[in-house]
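Reviewing the structure listed below.
Please treat every number below as a calculation from the coordinates, not as lab data. Because the structure is a prediction, the values reported are computed rather than measured. FYI the Cβ positions are ideal-geometry reconstructions off the backbone, even for glycines, and counts take in every protein chain you see.
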Amino acid sequence: MSYQGQDRRRSETSPLRARRRVVTPEVLRQVKGIELRTRSLVNSLFTGEYRSVFRGQGIEFAEVREYQQGDDFRAIDWNVSARMGHPFVKTFHEERENTLMLVVDQSGSCQFGRPYTKAGLAVEVAAVLALAAARHNDRVGALMFSDKVEVVLRPAKGRPHALRVIRDLVAFTPRGRGTNLGEALRYASKLPRHRAIVVILSDFRAEGWEQPLGQLAANHDVVAITIDDPRERELPDAGWVDMEDAETGQRVLLDTSHGRTRTRVRVAAERQFQERARKLMQAGVDSVTLSTNVPYGMPLRRAFAERARRLKR
C-alpha cells in the first residue's frame, strides 16, 4: 500500500506553515478506509491498556489521609502529623494528559515493500496511535520527513484533529528522496513544551541519528517502530536484476540466482539490523519490529503488552 497526494509545495516554506494539503476524494476514501480497518485494533489494543503503555508524564498532589500499615514512610506529611498527633501521609495521582508526537519517515527507502510499502505501513500504524490518543483526550501531533523535515503538525486534542493528522499523512508526497533522520529527531525534540511520548516510525536506514536519538530520549519517552521488508534481507531468486537505490539513484546489475551473492546480501543485511538494534538499545528506547509482509496488529499488541508489564514493575 502506498499513500500519495496530488499536491507538492512549490516553494521553500517552514514545515510548520506548509501544512495544507489538497484533500481529494481519493485521500478521503483512504482516510475512511484506515479508520474502518483500524477500529477494532484501537478498541482491543488500547481500551484499558493505553494508560499502561503510555503513562502520564508526572504526578500531582491528591490529598492527605491517615497512615495505614504498609504505606511508604517517605510520604508522611510531618506538619499535618504533628498537628493531629498521629501520622498522616500525602497521596498523589498520575497526571493523565499526554502529548503524543509521531515522527514518520517518508524517504525514498520507505517507498519500497510488498504488500505494503514501508511508508504506507508507517502511516497506518501512526493512524492507530493517533486515534487511540484522541480517544483518551491526549494531544497528538506529527512530523513528516525525508532528507529534511517537510511537514509539522502541532500537537492538539480531539478526534477532528487526529483525523486531520491522518489526512495529512495520507495526502503527503515527499519532495526529497534521501533520509535525514538526525535532523528530524533534533526538530522533534524542540516541539513539545513538556515531556512527551515520541514514536518514531522508520526503517532507520540513515547515518548520524544515534546522538540526536539519545538526546531526545533523555527528555522524552521514546518508542522506535522499525519497519522492514523481507526482500531487504533475503533476495528473491529472479536471475539478473537491474536494481536502483531509491534515494541516490545509483544502479547495479545483480545476479540474484548466484548463491554467494545472495549470501553476501543476507550477511550484510543481518549485520545492519544487529547494528541498528544495538544503537536503539544503547539510546535506551523501546523498540517494536514490524515487517511489510506480516499483519502489524499482533506484533504491536505483543510489544506494547510487554512494555506495559515492564512499566508496572
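log10 I(q)/I(0), Debye, Cα-only segment 179-273, no solvent, q = 0.16, 0.18 Å⁻¹?
Log10 of I(q)/I(0), two decimals: -0.77, -0.88.
Considering only the other residues whose Cβ falls under 12 Å of the Cβ of residue 89, what net charge follows from Lys and Arg at +1 and Asp and Glu at -1? Each step should come with its number before you reach the end.
Values: positive: 65, 74, 90; negative: 63, 66, 71, 72, 77.
Result for the neighbourhood of residue 89: -2.
What whole-number distance in Å separates the alpha-carbon centres of segment 106-148 and segment 161-218?
Result: 10 Å between the Cα centres.
So for segment 130-275: antiparallel DSSP bridges make up what percent, rounded to the nearest 5? Don't jump to the answer; show the numbers that get you there.
On the way: 10 of 16 bridges.
In segment 130-275, approximately 60 percent of DSSP beta bridges are antiparallel ones.
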